[in-house]
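Below: one structure, written as structure tokens.
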Amino acid sequence: MALGGPNIYPGVLSWLGIAREQTVGTPVNPVITHPLEQSSFEPEDTPRFLKDNAIRGAMTDLFYETLGVESATFSFGGPNFLDSHGYFFDNVFGDMSTTCNGTTTPATITGTIPVGGTQLTLSAAPPAAYTAGAYIQIGTYPSSSVQSYINEVVLISSTAVSNVINFVNTPARFSHPSAINGTAITGSTLTGLVNTGANTTFTHRWAALNSPLGYGGAYGAQPPTHTFTDVTNIVNVMTSATYGTAPTNTFGARQYPSGVLSSLDFSGNAEQLLNIRMQGSSWLSTVATQAVTNTTTNSRPIPNWNSTVTTLGFTLSSTNTYAGIGEFNVSFKRTTQVYWIVAGTQTPYIIARGPLNMDGSIQWDPTNSELPLDMMLLNAQGPMSIIVTNSGIPNSGTPFTLTFTASQVANIKSKIMRNKALIGYGNSFEGVANNTDYGGSGGLGPGTITLVNSTPTY
């Protein structure tokens, strides 16, 4: 036995990394580590085995298993970490606008930037500060001309003396035309260089992606995909020719490319931290081909007691006469479907995203009125928002604010609760598509997520 005993692999030394893919299904190394509950991360390769059950005159009926098409599934969860969670929000929604609270060195764009575009042209030579590695914010158009959710932050990859700015790793999410109906847009400017100092904040707003061009310019309104990297440090694997060409896992990491989330589930019990659970599908895992870096977040989770719930114009708190909110739950769900085609490969053709829906529940616990029941019986469909923040909490670390907004909520269930000392109501709701909860891609949406933090872009 080796000095120190046999090789072992403690679960607490494993970790999950995430990064947005530039090409669907091409694995990329993680840019951030996402903390999670140890027992919650359950990636599973799920190849299909095709059974030969053709009878042969023997008292058994399984004669061979042929390897069929392949994919993987995953689920994970834990407390909120609102610097890394933006990647998951982006994966589900796809329409992300970003506004910085402070920019410098403005410059004017000429021409049009299309959806998926990776360069822009300035009307003059780029300012000296516009160098590779700097972030810039592409400005909004006048709200009277087009929807105002059009700001986005991109990362400069290179510049050219011909007034061209390249941003190949953060393609444009929205079209930035130079004119609408023949009228020049004076607001179509590069707002300026993003100051990434300690007091800089970014407001990210996610809505359902409705543009036919989708993310990156490909037709079909599909959000970006992500690579999930599972680092277990387990490096030895079967290498005998008897088992084919299975490679040695030199770097102790497996990557799940083309990751697609089907749900985001938030739970907000007043006595606990905001908790998030996610699940979805991906391509079959592959062995990491290079070393991966554990870039751990330094953010701290937010407790639910510091939340504000507003519904039908009523802000529910300990000072009103309607109710106290003991718990809320919010879920965003995507219809997803894995497609394989007859093309000489076991890898999915696409993991397609369908409709985005929002639902959840609010426990009016305890209640001081029948307002929760009336909301259901009268079909009172109105706005709802839930704000979770660490503002004002001592030693809470990086400032974060997370807001769920649904401009039209239908209460579809209201059940009286007598299981505690005081009476309460448990209400279930569904977000109804409306023309307020949309983003830069337009259309309709059931609800939005807004995140304020110090991360420039996702």
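Laboratory data are not the source of any read-out in this text; all were calculated from the coordinates shown. The structure displayed is predicted, hence computed values, not measured ones. Backbone-built Cβ (ideal geometry, glycine too); neighbour counts: all protein chains shown.
The table that follows gives values for the structure above.
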{"item": "Proxy reagent accessibility, fewest Cβ within 10 Å first, across W15, W206", "result": "W15, W206"}
{"item": "Helix-only mean residue ellipticity at 222 nm for the chain, each DSSP H run of n ≥ 4 adding -39500 (n - 2.57), per residue, nearest 500", "result": "-1000 deg cm²/dmol"}
{"item": "Unit charges on C-beta of K, R, D, E only; dipole of the chain, Debye", "result": "280 debye"}
{"item": "Packing-based exposure ordering (other Cβ within 10 Å, fewest first) of V432, V231", "result": "V432, V231"}
{"item": "Theoretical FRET efficiency, 1/(1+(r/R0)^6), r = Cβ-Cβ of T201 and N298, R0 22 Å, to 0.05", "result": "0.85"}
{"item": "Least to most buried among D90, D61, D95 (fewest other Cβ within 10 Å first)", "result": "D61, D90, D95"}
{"item": "Cβ-Cβ FRET estimate between K420 and T112, R0 fixed at 60 Å, reported to 0.05", "result": "0.50"}
{"item": "Segment 291-299 - phi-based ³J(HN,Hα) in whole Hz, Karplus 6.51/-1.76/1.60, Gly and Pro as x", "result": "5, 10, 10, 7, 9, 7, 5, 10, 7"}
{"item": "Integer Hz, Karplus 6.51/-1.76/1.60 couplings in order for segment 62-68, x for Gly and Pro", "result": "10, 10, 6, 10, 9, 5, x"}
{"item": "Ratio Rg/Rh, restricted to the chain and using Cα atoms, in which Rh is the Kirkwood radius", "result": "1.01"}
{"item": "Excluding exposed DSSP-loop trypsin sites (Lys or Arg not before Pro) (at most 15 other C-beta within 10 Å), longest clean stretch of the chain", "result": "57-417"}
{"item": "Point-to-point label distance, K51-V342, nm (Cα→Cβ direction, 7 Å offset)", "result": "2.4 nm"}
{"item": "N166-T286 FRET efficiency (beta carbon distance; Förster radius 30 Å; 0.05 resolution)", "result": "0.55"}
{"item": "Candidate aspartates and glutamates - alpha carbon under 12 Å from K415, same-chain residues fewer than 8 apart omitted", "result": "D365, E370, D374"}
{"item": "Highest to lowest packing among 356-363, 212-219, 256-263, 336-343, scored as the average C-beta count within 10 Å", "result": "256-263, 356-363, 212-219, 336-343"}
